[in-house]
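Reviewing the structure listed below.
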Amino acid sequence: MLYRMAQPAPRKPVLVVEDDEDVRAAVAEILEGEGYEVVVAANGREALEELVHVKSPCLILLDLRMPVMDGPEFLSRLRADWPKLKDVPVLLLTAVVTEALPGTHGILRKPIIPDELVTSVSRLTGRSA
């Protein structure tokens, strides 16, 4: 009798939407070091364009204050135009907002603390840290 080994499910990426290049690169490096696939965008418009080309993300890390298209506008467009992504958790990256916006799953305060980033991402993606 032949048995097939189960193939691991393809991993869905984490989408990081952040206009500060240093923060974006640091977050991506930390998450990639933890084994996550990461897709980055510098603003909401770029993020919407990335969603056309990538698999559905397992999580979106979203800065609020960005040029071109800010976080709240991106979130509104995401929920209106991408119904298949309605259940994807969104974690805000911010130094100024103290409460999560409706439709988001919490806040990660800037400056980012790597252990807090990994713990929050692991919790929202269902992976153990």
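Derivation of every value follows stated rules applied to the coordinates shown; laboratory data play no part. Here the structure is a predicted model, which means the values were calculated and not measured. No Cβ is skipped: glycine too gets one built from the backbone with ideal geometry, and neighbour counts run over all protein chains shown.
Based on the mean of other Cβ atoms within 10 Å per residue, sort peptides 115-127, 69-81 so the most packed one is first. It would help to have the intermediate numbers written out before the result.
On the way: 115-127: 15.6, 69-81: 17.5.
So the order, starting with the most tightly packed, is 69-81, 115-127.
Under a point-charge model restricted to the Cβ atoms of Lys and Arg (+1) and Asp and Glu (-1), what is the dipole moment magnitude of the chain relative to its Cα centre, in debye to the nearest 20?
Its charge dipole is roughly 720 debye.
So for each of 13-19, 102-108 I average, over its residues, the number of other beta carbons within 10 Å; can you give me the resulting order with the highest mean first? Before the final figure, lay out the partial values.
Numbers: 13-19: 23.9, 102-108: 14.7.
Peptide ranking by packing, descending: 13-19, 102-108.
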Using only Cα atoms, tell me the angle between helix 114-125 and the longest principal axis of the chain; keep it within 0 to 90° and round to the nearest 10. 60 degrees
